[in-house]
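One structure is given here, and the rest of the page talks about it.
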Amino acid sequence: MTRFSAATLLAKAIGHHKGWPAQWPDAAPKPSYDAVIVGAGGHGLGAAYYLAKKHGITNVAVIDKGWLGGGNTGRNTTIIRSNYLYDESAFLYDHAVKLWDGLSQELNYNVMYSKRGVLMLAHNVHDVQSFKRHIHSNRLNGVDNEWLTAEEAQAYCPPLSIDPNARHPVLGAALQRRGGTARHDSVAWGYARGAAALGVDIIQNCAVTGIRRGADGAVEGVETERGFIATRKIGVSAAGNSSVLMDMAGLRFPLESFPLQALVSEPVKPFFPCVVMSNTVHAYMSQSDKGELVIGAGTDAYVSYSQRGALHIVEHTLAAICEIFPVVRRMRMLRNWGGIVDVTPDRSPILGKTPVKGLYVNCGWGTGGFKATPGAADLLAWTIAKDEPHPINAPFNLDRFRSGRLIDEAAAAAVAH
Amino acid sequence: MSAFRLPGRGRIDVARPVAFRFDGKAMTGAAGDTLASALLANGVHLVGRSFKYHRPRGLLGAGVEEPNALMGVDRGPGRHTANVRATTIELHDDLTVETQNRWPSLGFDLGAATNLLSPLFPAGFYNKTFMWPRSAWETLYEPAIRRMAGLGKAPHAIDPDRYTARHDFVDLLIVGAGRAGIEAALAASASGERVMLIDEQPELGGKLLANPARWDWLAGALTRLDDAGVVCLSRTTAIGLYHDGFVGAVERLTDHLPPATATGPRERLHRIRAARIVLATGAIERPLVFADNDRPGVMLASAARTYLHRYGVAVGKRVALMVTHDSGYQVAFDLAEAGIGIAAIVDSRPDLDPSLKARASDLGLELIPHAVVIGTHGAKAVTGITLAPLGSRQVRKIACDALLMAGGWTPTVHLWSHGKGKLGWDEALGAFVPEGEMDRVTCTGACAGAIDPGHGVHAEALWSPRDPASFKAFVDLQNDVTARDIRLAVREGFRSIEHIKRYTTNGMATDQGKTSNLNGLQVAAGALGNTAPQVGLTTFRPPYTPTTFGALAGSAKDALFQPTRKTVIDSWAHAQGAVFENVAQWRRARYFPRASEDMDAAVARECRAVRTGVGMFDASTLGKIEVVGPDAAEFLNRMYTNPWKALAPGRCRYGLLLGEDGFIRDDGVAARLADDRFHVTTTTGGAARVLGMMEDYLQTEWPDLDVWLTSTTEQYAVIALQGPRARDVIAPHVEGVDLSPEALPHMAYAEGRICGVPMRLFRVSFTGELGFEVNVPAGHGLAVWEALWAEGQRHGITAYGTETMHVLRAEKGYIIVGQDSDGTLTPDDAGIGWAVGKKKLDFVGRRSLARPDMLLPDRKQLVGLLTDDPHYVLEEGAQIVDVPNAPVPVPMIGHVTSSYHSPTLGRSIALAVVAGGRARIGETLFVPMADKTHRVTVSEPLFYDREGARLDG
């Protein structure tokens, strides 16, 4: 692996950049692997990277029906935060935030993690109660999150309107300063490059068509468009299509898939310094390094595998954005797209073992998977390597839907993930 | 008239000069000009700077494909629009524009230093550096990158313009009013169908507008369409094609007018539902990829033709052409006939059409076949080109002041692709064309690939004797993506066109690749050793061109952002000086301060009034659902945890609604009006959700039940009279109901009249006092309220708001769903397990209540908390621990859900959920705040009138 640095960039510039090697080879499947990860998004590639890096399991393949990073990794609004209410969630997401910090150096790939701060707006008494509850819980869990008055919130984010006569006036905000954004594609590419350098095969355009199980029920491998691949350990990390894959192993999963839309504006000079989210008015926004406003809201109302949404969702989202930030009303939408998010009954992920021996799953992240990328990847790798969950992801088991030990952040807080 | 304006040509009116300002400089154009044509007429070729290298740029095109000439348009305070293409700005008096992304000026831009350092900034450079030291990314590198990035000015003032929207329903929608679109409209116009023809340009006609020979036909056709009643909309861009024949389109209404005369909405969103859609969106000419192909004066050949015929402007005085496609010749001939010098026609193809050769010869044009341009000269405008025969190093220089490129045509298939239409590769066109069928949608004309291919050649980039890695041949002009950037991406393992796009940013600029996608694909295919169709195309996404946020937000702003629901008594509360709060969509009176009272003082007074006399409360926002039908009781029995079948008419019951997960979703009192009729109430915020949930079950799970559901929330005003003297207030006004405790005990229901109007009377209480909830038809609500208010004066009646309601119910330990419960509490957790019918076979959520975790003793349970310091009111949301001063992460066992000063008790009280809470009653726990840890004692969640005797008053 050619180490990335300003010095190598300079050296390669002299040769017109002809000397750069491929960041990862486009591998063809081998007959067997020690572990196969299905889904080459940030989570899956990261899991392969950590399997190789931390657990010494390098005979690993990551397979994807399309191109790596082409699913929700490349479609999300890149928000990173960990100010979750319950201990289980706070530890899970904060594990990720700790890994985000230093990920560029770990991977020698600038993923542009930018701690710009995530500001969550409270618009009514109920919001205030809910956010205060989060702040107190976060403080006792060692997760940064602080209360700002409306004036302080505006000082932190000057385009914010705190007009007391607004339909939904801002009564205050919760700020997580360590929250922020990262460059989504770079995360997938950085993990792909890092994993490939450690010996992982990244196999693209290779859809899984079946999961083969032996007489004892344990997995024996995956059937793919490009032939059978034998393995004793399969990690499924396939977002909106996870339930389809689990079905191949004979498992019904409590997942529903919804379209989730996002959009960007044309680029303008920097004026929007952080990430702002409003659950009551229902939208969120940040400004990318390129200058585009990156905007999202909730899912479309109906389950679908269509990676496009309806115009009225965009209308509502932009009305909400203009309500909170009236100065952007004359800006222009450049591009609007959709992804498929997989949602569990308690809106928390499923990350751990399954009833099928050798089959591990990482799914159900709903609208909030990007922020968890390094953490989910690390924990999936641990679970696969040790054949048991790490204490952090142990609560996020499939069994909770049977036992009732749900981790329902949305119900608890009415806060969009 | 300037040296570049051609008398007698174009559709402009030179007799009507138009004054405008460009970067502060006063200039003049003609009515009918775009800013682009006016600048060309003024001899201005330098119109912008590129995104990354700040290279000087001129006009590439004449339409929405333009990547270079982006302007900031200033129409007054709050009316600055960034990144507007000069080719789409209609010239009008007082037009004020400025160029972008340059400092201190367009001519002298210090940012151009990046061009000198460009070898260090290939595609993806930012992934490879800025990592050391770690902290410098946020403190140094990223701020610097952000300052360099961004194109137009950031907004800083609120746009005062209005935006509007309408729905259109048509039999046939035609998008694009060029020849194909107009012909489609003519064909349909006799059918009697509702036909709508929309086009993004100010004039209908498309490329016909650049073809004077067709102007008579165009005028006649438009007249016929008008006569036939076809709705023709210009300045209307179809931004996206959605499901089921739905097209979003934005009509620009005022930007073409001088600011002083512009009135009415600025833009209108059309939501068009069409039975059939014809896409006649045309095609866009492709540039060619060669060294320094970005110099001002290097332009699409078709654009030069448009400037000539439509605007009467010469793009130069000595024009060279680089063509790989026959369509370039017609441009050369037209220019020559207009008296414009043609320096040479360079054609990469060895064998040329004899008729074209003959025509060139007739016009005396130099034709150089089998050769390519390998470079351009000049600083801020092209002054010449270098060309070489293919495969040869015998270069030749030619002087010129413009270079036109004819690289073939790319069908505009964006909308087709929005609808997930398939594309197929057309080898003759060197482009993707619509393939297969789509419900409701067809393509016609150039959009469908009906373009004379003219023996075009479609190379990835023009050949050069130089090392292709040694020069910049631009593919995406706005984002400064060069062919070598794309080859670098491929070299680095980016093999998918989506990867290449994202790594290089090709096609991600504000033009979304209208001139760069195909060329980028061809370069990538060459580098990959694949064919273009093997590599495939990136996905087209809406909108077709950038769309104003305001146009999509429409009138949903300020008070209209979301309706504020007000009760019929709201005006009375307002007049009384109530302080309001938002609860769901409702505005509710929170408290009624007198004189200088603050909230605490007002609430204390209101509470005392209810406990000792009588209070009056507007409960109209409570959700109300009329459940009617032979199976109404069975239905409620299945929805709610409680048993309903035995409830007698004239009686009420507290109902508890769970989700399938067994957690509390809503609650409310329901009365049985008759065997087959219930009046069900819900929480204020839950009304729509509960109705939706009921309908969902009724329609999908139990369609056999004979039940109808009707929302009656707004049909009734609800006036709550609470307190020992409540009966005294209503008694004089009630007819037909025996109000005595024996005839109408707690949880009874009766119908009668009050103040002469029909009344549904509930004897219920959310305060713990004797209480009545008077439901009257909403139209009579205010009159009844005022009559009771007047009556109450003799009894010292006091109006109270939601805050007092909260305190009173907390003293009694009545939960508020959504505050004390949060979607994780079971009935037993909330201490209301008595509301679950133990003998019932089933109800929503019953199965989940049997899950193992639901039965654990350490579940969080509702309890009361009393602080050691009776004056300290705990903060709602504060966490509870059993070990003070534990290290982080501190184990938390619950949280405070409701907390108030209780005027009745003269001390603070709180409700909380605590793990295993009911077994901890009497224990000391701790509430650690940032500054201090508070000691609390766990109590029953009931602080007042434990026996409930007051309810029976």
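Every read-out reported here was derived from the displayed coordinates using simple, explicitly stated rules and does not represent laboratory data. Here the structure is a predicted model, which is why all the values come from computation and not from measurement. Positions of Cβ are backbone-derived with ideal geometry, glycine not excepted, and every protein chain shown enters the neighbour counts.
On a full-extension model of 0.36 nm per residue, what is the gain between B:LEU110 and B:LYS645, subtracting their alpha-carbon distance, rounded to one decimal in nm? Don't skip to the answer; put the middle values down first.
On the way: separation 535, 0.36 × 535 = 192.60 nm, distance 8.24 nm.
That works out to 184.4 nm of additional length.
Which FRET efficiency value, to the nearest 0.05, is calculated for B:ASP869 and B:TRP834 with the Förster distance at 45 angstrom and r the Cβ-Cβ distance? Intermediate values should be presented prior to the final figure.
Working: r = 34 Å, r/R0 = 0.75.
After rounding to 0.05, the efficiency reads 0.85.
Relative to the longest principal axis of the Cα atoms of chain B, the long axis of helix B:301-311 makes an angle of roughly 80 degrees. Cross-link reach is defined here as a Cα-Cα straight distance under 29 Å, omitting same-chain residues fewer than 8 places apart; for A:LYS12 the lysines meeting it are A:LYS53, A:LYS290, B:LYS52, B:LYS128, B:LYS472, B:LYS501.
For peptide B:142-154, the mean count of partner chain Cβ atoms within 10 Å of a residue's Cβ comes to 6.
Rounded to the nearest 0.05, what FRET efficiency do B:THR700 and B:THR261 give with R0 = 45 Å and r taken as the Cβ-Cβ distance? Could you check? Efficiency at R0 = 45 Å is approximately 0.20. Per-residue shielding of A:133-144, expressed as the average number of other chain Cβ atoms within 10 Å of the residue Cβ, stands at 5.
Among DSSP bridges having both ends in the protein assembly as shown, what percentage is antiparallel? Round to the nearest 5. Mind showing how you got there, number by number?
Details: 179 of 244 bridges.
Roughly 75 percent of the beta bridges in the protein assembly as shown run antiparallel, per DSSP.
With all pairs of separate Cα atoms included, region B:623-712 yields a Kirkwood hydrodynamic radius of 12.7 Å. Tally the DSSP beta bridges in chain A and give the antiparallel ones as a percent, rounded to 5. In chain A, DSSP labels about 70 percent of beta bridges as antiparallel.
Working from label points 7 Å from Cα in the Cα-to-Cβ sense, the B:ARG847 to B:ARG594 distance is 5.7 nm. Build a GNM of chain A with springs between Cα atoms under 10 Å apart, and of A:GLY217, A:GLY240, A:GLY194 the one that fluctuates most is A:GLY217.
Give the Rg/Rh ratio for the protein assembly as shown, taking Rg as the radius of gyration of the Cα atoms and Rh as the Kirkwood radius, to two decimals. Don't jump to the answer; show the numbers that get you there.
Details: Rg = 35.1 Å, Rh = 34.5 Å.
Checking Rg against Rh, the ratio lands at 1.01.
Label positions at A:THR209 and B:ASP952, each projected 7 Å from the Cα along the C-beta direction, are separated by 7.6 nm.
Over chain B, what relative contact order in percent results from Cα pairs under 8 Å that are six or more residues apart? It rounds to 8 percent for chain B.
Rounded to the nearest 20, the size of the Cβ-charge dipole of region B:18-86 about its Cα centre is 260 debye, with Lys and Arg at +1 and Asp and Glu at -1.
When A:ARG232, B:ARG295 are arranged by Cβ crowding within 10 Å, least crowded first, meaning fewest neighbours, the order is A:ARG232, B:ARG295. Here the 3J(HN,Hα) profile of region B:314-320, calculated from phi with Karplus coefficients 6.51, -1.76 and 1.60 at θ = phi - 60°, is 8, 6, x, 9, 9, 10, 9 Hz, Gly and Pro shown as x.
Output the direction-averaged projected area (hull surface divided by four) of the convex hull of the alpha-carbon atoms of chain A, in nm².
Numbers: hull surface 81.6 nm².
With the hull built on Cα positions only, its mean projection is 20.4 nm².
Just checking the listed ones, A:PHE131, A:PHE370, A:PHE271: in the Gaussian network model of chain A with Cα springs under 10 Å, the one fluctuating most is A:PHE271. Note on chain A: GNM, Cα springs under 10 Å; of A:ARG212, A:ARG178, A:ARG335, the largest mean-square fluctuation is that of A:ARG335. In chain A, the longest principal axis of the Cα atoms and the axis of helix A:311-324 are about 50 degrees apart.
Remark: region B:800-885 carries a charge dipole of roughly 840 debye about the Cα centre, counting +1 on each Lys and Arg Cβ and -1 on each Asp and Glu Cβ.
With a simple spin-label model that places each label point 7 Å from the Cα along the Cα-to-Cβ direction, the separation between B:ASP439 and A:SER306 comes to 0.8 nm.
Here region B:13-148 is described by how far its Cα atoms reach on the three principal axes: 64, 32, 25 Å, from widest to narrowest. Computed across region B:287-407, the Kirkwood radius stands at 13.9 Å (inverse of mean 1/r, all Cα pairs). For chain B, the longest principal axis of the C-alpha atoms and the axis of helix B:778-792 are separated by about 40°. Counting only DSSP beta bridges whose two residues both lie in chain B, roughly 75 percent are antiparallel. Once the Cβ-Cβ distance of B:GLU634 and B:SER392 is raised to the sixth power relative to R0 = 56 Å, the FRET efficiency obtained is 0.05.
Across region B:287-407, the relative contact order, built from alpha-carbon pairs under 8 Å that are at least six residues apart, equals 35 percent.
The calculated 222 nm mean residue ellipticity attributable to helices in the protein assembly as shown amounts to -6500 deg cm²/dmol, summing -39500 (n - 2.57) over DSSP H runs of n ≥ 4 and dividing by all residues. Here B:MET196, A:MET120 are placed in order of increasing Cβ neighbour count within 10 Å, fewest first, which gives B:MET196, A:MET120.
Can you give the relative contact order of region B:204-284 as a percent, counting alpha carbon pairs under 8 Å and 6+ residues apart?
Working: 78 pairs, mean separation 16.3, N = 81.
Value for region B:204-284: 20 percent.
Using only alpha-carbon positions in chain B, the gyration tensor eigenvalues give semi-axes of 73, 32, 27 Å once each is multiplied by 5 and square-rooted (largest first). Here's the list of lysines a cross-link from B:LYS624 could span, going by alpha-carbon distance under 19 Å and ignoring same-chain residues fewer than 8 apart: B:LYS566.
When A:GLU151, B:GLU142 are ordered from fewest to most other Cβ atoms inside 10 Å of their Cβ, what list results? Intermediate values should be presented prior to the final figure.
On the way: A:GLU151 11, B:GLU142 20.
Ordered from fewest to most neighbouring Cβ atoms within 10 Å, A:GLU151, B:GLU142 come out as A:GLU151, B:GLU142.
Residue separation of B:ARG224 and B:SER135 scaled by 0.36 nm, minus their Cα-Cα distance, works out to 25.2 nm of gained length. How many percent of all Cα-Cα pairs in region A:335-412 sit more than 20 Å apart? Of all Cα-Cα distances in region A:335-412, 32 percent exceed 20 Å.
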